[in-house]
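Following: one structure in structure tokens, then a few remarks.
The values are calculated or read from the model by the stated rules, or taken from the named source; none is laboratory data. Small disclaimer: the values here were computed from a predicted structure and weren't measured. Every residue, glycine as well, gets a Cβ built from its backbone with ideal geometry; the counts of neighbours run over all protein chains shown.
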Amino acid sequence: MRAQNLIQSLASLRNTLAAIALSRSVSTAVLPLRSLLLITALLIAQKTFAAVPSEDPAAWPRWLESGSSPVGFSLHTLAGLPGAPVSADVGYSDATSSLLAWTEQTLRLIQKYQQNPQRAVRTLAIIHAAMHDAFVLAARRSGDGTEGLAAAHRAVSLTLAYLYPYESIGWIEGKGLALAYGWADRKEIGPARLERELQIGEQVAGDAIRRALTDGSDRRTAAPPPLSPDPGRWRGDIQPPPPAVYDSPKFWTEAEEVYRVWKNLTPKQKAIADDWNLQAGSVTPPGVWNQRAIELLKSEKFAPASAARVLAALNIAMNDAAIACWRAKYHWWTVRPVTVIRERFDPNFLPHLITPPHPSYVSGHASVSGAAEAALIAFFPERQSELHAYAEEAALSRLWGGIHYRSDNDEGLRLGRNVAERVMRRAFAATPDSNQRDAGKNP
């Protein structure tokens, strides 16, 4: 509504300026430069704000394709609506916090199972695509953009339980049902609406699980796990330019820079390299960006559906960037700095961080951070400078750690930003049939 009012005001002011010019019998050919520039700026601003994406979830494109569920869900209802004790156990002060708790729970599971960054970000992308699509379907079928919280809880819990099959049977699904019933009780939502939302959640969970089964993540090679190029074979087509040719002047200049930086590392640079060196058992770099997003969403008091939209775009962008990054790594097979520095400059060179056992170009940290930066700036433009600095720090930490060349980081950031740009075009695209209530088909 604010965007529409601003568009109308801009159009009105533009027309007023034009009327003043005509009333003074001034032709547009000799209209004062200042007035021409102002009218031009207003036209640009009007076009820009006219492109502001809808705030109605019913108009948002879905991330997941609809179809028949490949699995069935047995746990569907609790023993009646929860009373005060169950509602109290839910323990969240607002709807958005109850939703963000799923992101935090996913990060804990990533730590528990010591998932690598590629597996972690895939999980986060699938979970948040389901969360997002639950709100979209609920809004389309009800005509009410405020619906969908129960559907989101159901969709995320079922999807998360599928992705972590070694968890105790039923506890994740049960938590989702408790949250759904708890909020229905608190908001005095009737059983018909609650049942409708639970069914929507199950449909979306089925879509998410089918996506997980067909995204290519189960491909295997003969290489041992640390060397596997599999993530680059999942899906993705955006690629960085070729790296510096081995043994070229540019290649040795970059290698020498890594060596020079290593010899002059400051305590602060070492600390930053250590902070970003997220090994097995950590939330991984994509998890750090999710933690940053949660802070922003809470501080800006986003509504649940809008929060789901941010997290879906963020994690899908990082997932696609990680796939593109790994495809580049195993296309170019660029040697790591430690090998060439020991051969040419110093046989005793020992980088500050342990060198990962996969090719250098491009940096995974840089790729996912570039994507995260661009995705979050689309929703928090006023935080552009700090998000940009955060992404740059993540990339530079790998140079300071002695494990990446500068071009690995620069091109990784650029790759991630390019991937995110495409993701955000889809996220903000107008849905052709958004005025039609969804009957289960992907727009």
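If I filter the range 390-405 for residues that are part of a helix (DSSP H, G or I), within 30 Å of S54 (Cβ to Cβ) and modelled with pLDDT of 95 or more, do I get at least one hit?
Within the range 390-405, the subset part of a helix (DSSP H, G or I) is 390-400.
Filter again for within 30 Å of S54 (Cβ to Cβ), leaving 390-391.
This time we only want the ones that are modelled with pLDDT of 95 or more, so: 390-391.
Looking for residues that are part of a helix (DSSP H, G or I), within 30 Å of S54 (Cβ to Cβ) and modelled with pLDDT of 95 or more, one finds at least one in the range 390-405, hence yes.
Condition first: closer than 16 Å to F302 by Cβ and outside any helix (DSSP H, G or I). Now tell me which residues in the range 134-160 satisfy that.
Of everything in the range 134-160, those that are closer than 16 Å to F302 by Cβ and outside any helix (DSSP H, G or I) turn out to be G145, T146, G148.
Mind listing whichever residues of the range 283-298 are surrounded by fewer than 18 Cβ atoms within 10 Å (Cβ to Cβ) and either within 23 Å of R336 (Cβ to Cβ) or of a type in the set (S, T, N, Q) (or both)?
Result: Q291, single match.
Would you pick out the residues in the range 201-259 that are within 21 Å of the chain's Cα centre (by Cα), at pLDDT 90 or above and polar (S, T, N, Q)?
Residues satisfying the conditions are T214, Q239.
Just a yes or no: is a residue in the range 169-180 in contact with a helix residue (DSSP H, G or I) (Cβ under 7 Å, 6 or more places away or on another chain) and of a type in the set (D, E, K, R)?
yes
Test of understanding: among V340, V335, which residue is in contact (Cβ under 8 Å) with a residue 24 or more places away in the chain, among the β-branched types (V, I, T), part of a loop (DSSP other than H, G, I, E, B) and more than 19 Å from R422 (Cα to Cα)?
Details: V340 fails: part of a loop (DSSP other than H, G, I, E, B).
Among V340, V335, only V335 is in contact (Cβ under 8 Å) with a residue 24 or more places away in the chain, among the β-branched types (V, I, T), part of a loop (DSSP other than H, G, I, E, B) and more than 19 Å from R422 (Cα to Cα).
Can D410 be described as touching a helix residue (DSSP H, G or I) at 6+ places or on another chain (Cβ under 8 Å), within 24 Å of A255 (Cα to Cα) and acidic (D, E)? Reasoning before the result, please.
Working: touching a helix residue (DSSP H, G or I) at 6+ places or on another chain (Cβ under 8 Å): yes; within 24 Å of A255 (Cα to Cα): yes; acidic (D, E): yes.
So D410 passes the test.
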